Amino acid sequence: MLKSITIGQYIPGESIIHRLDPRTKILGTLGYVVILFVLRGPAGYAVMAGITAAVALLGRIPVRMLLRGLRPVLIIILFTIVLNMVMTPGETVYQLGPLDVTDEGIVQAATMSIRVILLIMTTSMLTLTTAPIDLTDGIEYLLGPFRRLGVPAHELAMMMTIALRFIPTLVDELERIMKAQMARGADFDTGSFLDRAKSMIPLLGPLFISAFRRADDLALAMEARCYRGGEGRTRYKVLKVSTPDFWAGAFLVCTFGAALWV
Amino acid sequence: MNDVRTLLRIGLFVAVTAGLSFIRVPLPFSPVPVTGQTLGTMLAGLLLGARAGAVSQLIYVLLGFTGLPLFGGLGGAAILLGPAGGYLIGMILGAWVTGIISRGREGVPIMFISCLIGGALIVYIPGVWQLARVTGMDIRGAAAIGVLPYIPGDIVKSVAAVGAAAKIRTHLDLRDRG
């Protein structure tokens, strides 16, 4: 599971949503999140739900995948619902022991949970339809204008990509060290939770030392190939804004406007 | 130390923190689990220093924000904006503070204290604030369920961080000199 992390949730596909420029998708998602938090009233939420449904249909994203994204936050959602129902002042509708469920509270709980559900479904659609490398490319471009303010856009994107590349390496390395120590009698599988946690500590030293060695080797390899940062770099894959991106932008601006207006 | 090397070491610590986030113990009474993430924060502060350590945690949070499941199998804007999101923001500050306190000091006690302050205390400030704001609890209630249950874990993590960092520091010194 840990090894598949770098692909994240990305499902390769050929749909129009997949082919949109990552910048369009990032800006669209950010816009969606902002609108979701300034919205008032149920009609606005209906419009936002409509946008999510339209993107899911166009992107041919299986409903199963969207629901799977919700599973880990289920507890948080239940927590917000219960807390909002009993903590919001208003007219009491139902008595639950010492706690009052208020009408205001029910409305508040419904809005909060719908907001969280839409938020998670939509943000996960960004990563379902965009490969992480394209996302970091997009982030680099979008941060580009801030370079004058001292934001090292290229370096940030580079470090993100490197981090993704290191995760599988670290997992491999950890497995190797664990096997080496097990062959010499280390025990990782038995004993209380605390015992097992303690047996992990001798792994940290060798893991970090070999990881640092790999990082420094990669640095040397990059320097040997004259890596010198973002200035004047050419790309194998060039991001291009095309007609569908304009349509997507226009669609989002109109629907966001509608959501705020209704 | 040259620039490309720092760049790669920062990338390495992003990966380390992400890996450690998979060590997690959920608590039934709280939306915030005990995780290994802050061990990454402590180690980043101790081994990379304040600036680079903070940058590594910032990139970790940014990557998780894009939806990669780096927060212990979860990810995305929702986690960052949710009840436990403040702790993630706190990790950026925490690595910086750990680095500031432990800079140029080799002693084990001072490293341990820098871990407790940077990797625990500082992380709690935005953590508890956001927990209270999102769930509608008052600050005192949020602190009760958002700090107290995690203190034993913080001590264990600080000990592990100092133990590992002391070993790795000597090793790196030898390498950097050679």
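Read-outs: derived from the displayed coordinates by stated rules, not from any lab. A quick note: this is a predicted structure, and the numbers were derived from the prediction, not measured. Glycine gets a Cβ as well: all are built from the backbone with ideal geometry, and neighbour counts include every protein chain shown.
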Practice problem: Using label points projected 7 Å from each Cα along Cα→Cβ, tell me how many nm separate A:E223 and B:A144, to one decimal. | Solution: 5.6 nm
Quiz prompt | chain A: relative contact order in percent, alpha carbon pairs under 8 Å with at least 6 residues between | solution = 31 percent
Quiz item: Dipole of the protein assembly as shown, Cα-centred, from +1 at each Lys and Arg C-beta and -1 at each Asp and Glu C-beta, to the nearest 20 debye?
Solution: 1000 debye
Quiz item: Put a dot 7 Å past each Cα toward the Cβ at B:I151 and A:I75; how far apart are the dots in nm?
Solution: 2.3 nm
Quiz prompt | Per-peptide average of other Cβ atoms within 10 Å, ordering B:114-126, A:170-182, A:143-155, A:110-122 highest first | solution = B:114-126, A:110-122, A:170-182, A:143-155
Self-check item: Cβ-based net charge around A:L128, under 13 Å, with every Lys or Arg adding one and every Asp or Glu removing one
Solution: +3
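Using 0.36 nm per residue of separation minus the Cα-Cα distance, give me the extension gain between A:F246 and A:S210 in nm, one decimal.
This chain segment gains 8.2 nm when fully extended.
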Practice problem: Have a look at A:G13, A:G205, A:G28 and tell me which one the Gaussian network model of chain A (Cα, springs below 10 Å) gives the largest fluctuation. | Solution: A:G205
Exercise. Report, ordered by chain and residue number, the aspartates and glutamates lying within cross-link reach of A:K25, taken as a straight Cα distance under 16 Å and ignoring same-chain residues fewer than 8 apart.
Key: A:E14, A:D134, A:D137, A:E140, A:D245
Quiz prompt | Two-site FRET efficiency, A:V253 against B:L27, from Cβ-Cβ distance with R₀ of 45 Å, rounded to 0.05 | solution = 0.55
Self-check item: Rounded to the nearest 20 debye, dipole of chain A from Cβ charges on Lys, Arg, Asp, Glu
Solution: 780 debye
Practice problem: Compute the distance in nm between two label points, each set 7 Å from the Cα along the Cα-to-Cβ direction, one at A:R60 and one at A:E14. | Solution: 0.8 nm
Practice problem: Beta carbons within 10 angstrom, averaged per residue: use that to sort the peptides B:148-159, A:126-137, highest first. | Solution: A:126-137, B:148-159
Exercise. Work through the residues other than B:L74 whose Cβ is under 15 Å from its Cβ and net out their charges, Lys, Arg +1 and Asp, Glu -1.
Key: +3
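Neighbour counts of other C-beta atoms within 10 Å: give me A:F79, B:F65 arranged from fewest to most.
A:F79, B:F65
So if I place +1 on the C-beta of Lys and Arg and -1 on the C-beta of Asp and Glu, and nothing else carries charge, what would the dipole magnitude of the stretch B:1-133 be about its Cα centre? I want it in debye, nearest 20.
80 debye
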Self-check item: Estimated 222 nm signal from helices in chain A, with DSSP H stretches of n ≥ 4 weighted -39500 (n - 2.57), rounded to 500
Solution: -23500 deg cm²/dmol
Exercise. Work out the mean other chain Cβ neighbour count within 10 Å for the residues of A:28-41 and drop it here as an integer.
Key: 1
Quiz item: Along the charge dipole of chain A, Cβ charges K/R +1 and D/E -1, which of A:L220, A:M65, A:M182 sits furthest on the positive end?
Solution: A:L220
Quiz item: By how many degrees, between 0 and 90 and to the nearest 10, does the Cα long axis of helix A:153-183 differ from the longest principal axis of chain A?
Solution: 60 degrees
Self-check item: Charge tally in the Cβ shell below 13 Å around A:A259, where Lys, Arg are +1 and Asp, Glu are -1, A:A259 excluded
Solution: +2
